[in-house]
Amino acid sequence: MNADLERLIALQKLDSTADAARKKLAAEPEHELALEARLEAARHKVAAAKEAVGVNKNARAALEKDVAVQQGRLSKFRETAMAVKTNQEYHAVQHEIAFAQTEIKKIEDTTLERMMESDDLAAALKTAEAQLAAETKAVDAERKTGSAAHIEMQAALEQIAAERAVLVAGLNKDVLGTFEAVSRKRNGVAMSEARAGVCTICHVRLRPQVFNNVLRNDSILQCDHCNRILYYVPIPASAATAPADPSPQAT
Ligand SMILES: [Zn+2]
């Protein structure tokens, strides 16, 4: 194979690998924001659950006060009932007693509801706290994996830069110029494999003469359509040794 063509294929591999690594590095801040948002959502759930527990607690405290007030009134009315002189007074105080008892019953019912609600809220808080702990653990693990990958990608990029410099130093300047120009125009992909008469990247059929020349891999040829530099990967020997085609004319 033409030595420059061989170098260009290696150069393209390095460039594509570096490109993928740079894209991943560029996506890191966004990924970190997504992780932080996951934690924030879990924290928010815990805060909301705590808030609900607090509201319930305050409501129960208020109900306790209310019931104490009503019980105070009730005992006062009962004392009054002992001392009443007239039937009319007696009925009036009985009415007050009945009213206070109804109020106490209402407050006790509400208290019972609030107490049951309190059990549910405590359970919900526990669940939210467990979810936050799990999210924190998962996000920590992802961050660790991410920073290890970051270090790996940085090292790979340095390695690639060094290998690239060696390849570039050995390349014909015009050939390198063509490669760089096509790479800039074609989103970092300047090389294309030609297979079965077609440029495998733009899928346009090559002129038979061009394809025949590409098969030899001995010169720098470009696709007429996308301008990428073409190369041919010979079919592996194992695939090539298919059973011989029995020719009907060979009789
Ligand atoms: Zn093409």
_I'm trying to understand the selection: among the residues of segment 211-228, which are buried (at least 17 other Cβ atoms within 10 Å of the Cβ), hydrophobic (A, V, I, L, M, F, W, C) and more than 10 Å from the ligand (Cβ to nearest atom)?_
F211, V214, L221
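So is E158 assigned to a helix (DSSP H, G or I), closer than 13 Å to I229 by Cβ and within 38 Å of the chain's Cα centre (by Cα) or not? Let's see the steps before the verdict.
Details: assigned to a helix (DSSP H, G or I): yes; closer than 13 Å to I229 by Cβ: no; within 38 Å of the chain's Cα centre (by Cα): yes.
No, not satisfied.
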*Can you tell me how many residues in segment 1-60 are over 30 Å from L221 (Cβ atoms), of a type outside the set (S, T, N, Q) and open to solvent by 40 Å² or more (accessible area, probe 1.4 Å)?*
26
*Failed item, numbered, when E117 is tested on (1) in contact (Cβ under 8 Å) with a residue 60 or more places away in the chain; (2) closer than 30 Å to Q154 by Cα*: (2)
*Please find, among M191, M153, the residue that is within 12 Å of the ligand (Cβ to nearest atom) and either buried (at least 16 other Cβ atoms within 10 Å of the Cβ) or within 36 Å of the chain's Cα centre (by Cα) (or both).*
M191
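With the structure loaded, tell me whether V166 is among the β-branched types (V, I, T), closer than 30 Å to Q222 by Cα and open to solvent by 70 Å² or more (accessible area, probe 1.4 Å) or whether it fails that test.
So V166 passes the test.
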_Quick check on this structure: which one of T80, T136 is under 34 Å from the mean Cα position of the chain (by Cα), of a type in the set (S, T, N, Q) and surrounded by 14 or more Cβ atoms within 10 Å (Cβ to Cβ)?_
T136
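The values are calculated or read from the model by the stated rules, or taken from the named source; none is laboratory data. The model shown is predicted, which means the values in this text are computed figures rather than measured ones. With ideal geometry, Cβ positions are generated from the backbone for all residues, glycine too; neighbour counts draw on all protein chains shown. For accessibility, only protein heavy atoms count, side chains too; no ligands or nucleic acids. Shrake-Rupley method; radii C 1.70, N 1.55, O 1.52, S 1.80 Å.
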